[in-house]
1. Name every residue in region 116-135 that is outside any helix (DSSP H, G or I), open to solvent by 70 Å² or more (accessible area, probe 1.4 Å) and under 14 Å from Ile13 (Cβ atoms), in order of residue number.
2. Working only within region 95-115, note down all residues that are surrounded by 20 or more Cβ atoms within 10 Å (Cβ to Cβ) and assigned to a strand (DSSP E or B).
3. Taking into account only those residues within region 15-36 that are part of a loop (DSSP other than H, G, I, E, B) and closer than 20 Å to Asp83 by Cβ, which is most open to solvent (accessible area, probe 1.4 Å)?
4. Say we look at region 65-92 and pick out the residues that are at pLDDT below 90 and outside any helix (DSSP H, G or I); which of these is least open to solvent (accessible area, probe 1.4 Å)?
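The values are calculated or read from the model by the stated rules, or taken from the named source; none is laboratory data. Since this is a predicted model, take the numbers as computed values, not measurements. Methodologically, a virtual Cβ is constructed for each residue, glycine included, from the backbone with ideal geometry; neighbour enumeration extends over all protein chains shown. With ligands, DNA and RNA removed, areas are computed over all heavy atoms of the protein, side chains included. Shrake-Rupley method; radii C 1.70, N 1.55, O 1.52, S 1.80 Å.
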Amino acid sequence: MKIAAITEDGKTISQHFGRAPYYLVATIEDGKIVNREMREKLGHTQFQEEEGHHHHQSGGDGQHGFGHSAEKRHHRMSEAIKDCQAVLCRGMGRGAYENLIARGIRPVITDIPQIEDAVLAYVSGTIEDHVEKLH
């Protein structure tokens, strides 16, 4: 099993899915982390550069993180972890959350700051998903 965590430093879980520059992908065997791999992650900064301006994340209904262009960005953000069962973060927009679910990747909003601790809590089934932190 592979579990991703959004990160800036490879040790702690970032506060916001869209801004984090990396995923740390942990491979789990027999309940233990047997491999760690840093992968680059597309984020808001890259999309701003591509579009030449600050992108607007609202769809026609005014909701943050929804609409066709937001879905495309979220899909591209999660492409690097399409082989993972779950992604751990400490904050995320509802649009990204829903996109990950549709892709078959379980997003988990955790209050555990250390990647290793959060991954092991996920594996043991003790991690709490704080969906109230979605924005």
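1. Scanning region 116-135 gives a single hit, Glu128.
2. Hits for region 95-115 are Pro107, Val108, Ile109.
3. Once the filter is applied, the top-ranked residue is Asp30.
4. Gly65
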